[in-house]
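**Student:** Would you mind keeping the following structure in view while I ask a few things?
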Amino acid sequence: MTKRRFRILICTLFLPFLGGCPDLSQVQQLAKTADSAKSSIANIAVDFKGSCDRQNLYVHLPPGPPPSEPPSQACITGEDLDKLGKNLVAEQSILLQYLDTLGTLEQTS
């Protein structure tokens with residue numbers, strides 16, 4: 001083994017010790033924030049369609065060219081938005097469980 005390879009090996013082995021222990025207080029704070037957000041996330045996801053409708057009230061588009069014939073399925077139905085809201089609730093639940101697990105792991109270490 002050459003001196004250069006030996007130096008690289010030594011540096012690689014001792015590099016984690018020079019970095020020290022990671023600070024997990026930010027993970028713990030994130031878990032606390034996730035706990036406080038659990039109640040509001042479900043309400044936000046359920047109100048997704050209503051939120052879109054309210055935002056559309058503020059949009060004033062300039063008049064454009066005369067409309068051409070729309071395709072057979074141009075608009076999103078309320079059922080599609082309801083499905084999207086339910087998917088958002090499920091994904092947020094998984095994300096919050098992940099953050100809770102990170103917080104639990106931080107507390108036990």
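The values are calculated or read from the model by the stated rules, or taken from the named source; none is laboratory data. It should be emphasised that the depicted structure is a prediction, and the values quoted were computed from it without experimental measurement. Backbone-built Cβ (ideal geometry, glycine too); neighbour counts: all protein chains shown.
**Student:** Exactly one of (1) at pLDDT 80 or above; (2) under 24 Å from the mean Cα position of the chain (by Cα); (3) part of a loop (DSSP other than H, G, I, E, B) is unmet by D23. Its number?
**Tutor:** (1)
**Student:** State which residue is surrounded by the most Cβ atoms within 10 Å (Cβ to Cβ) when the search covers only the range 79-105 and only residues that are over 16 Å from the mean Cα position of the chain (by Cα) and of a type in the set (D, E).
**Tutor:** Filtering the range 79-105 for residues that are over 16 Å from the mean Cα position of the chain (by Cα) and of a type in the set (D, E), the one surrounded by the most Cβ atoms within 10 Å (Cβ to Cβ) comes out as D82.
**Student:** Is it fair to say L30 is among the aliphatic types (A, V, I, L, M), at pLDDT 80 or above and surrounded by 10 or more Cβ atoms within 10 Å (Cβ to Cβ)?
**Tutor:** Spelling it out, it is not the case that L30 is among the aliphatic types (A, V, I, L, M), at pLDDT 80 or above and surrounded by 10 or more Cβ atoms within 10 Å (Cβ to Cβ).
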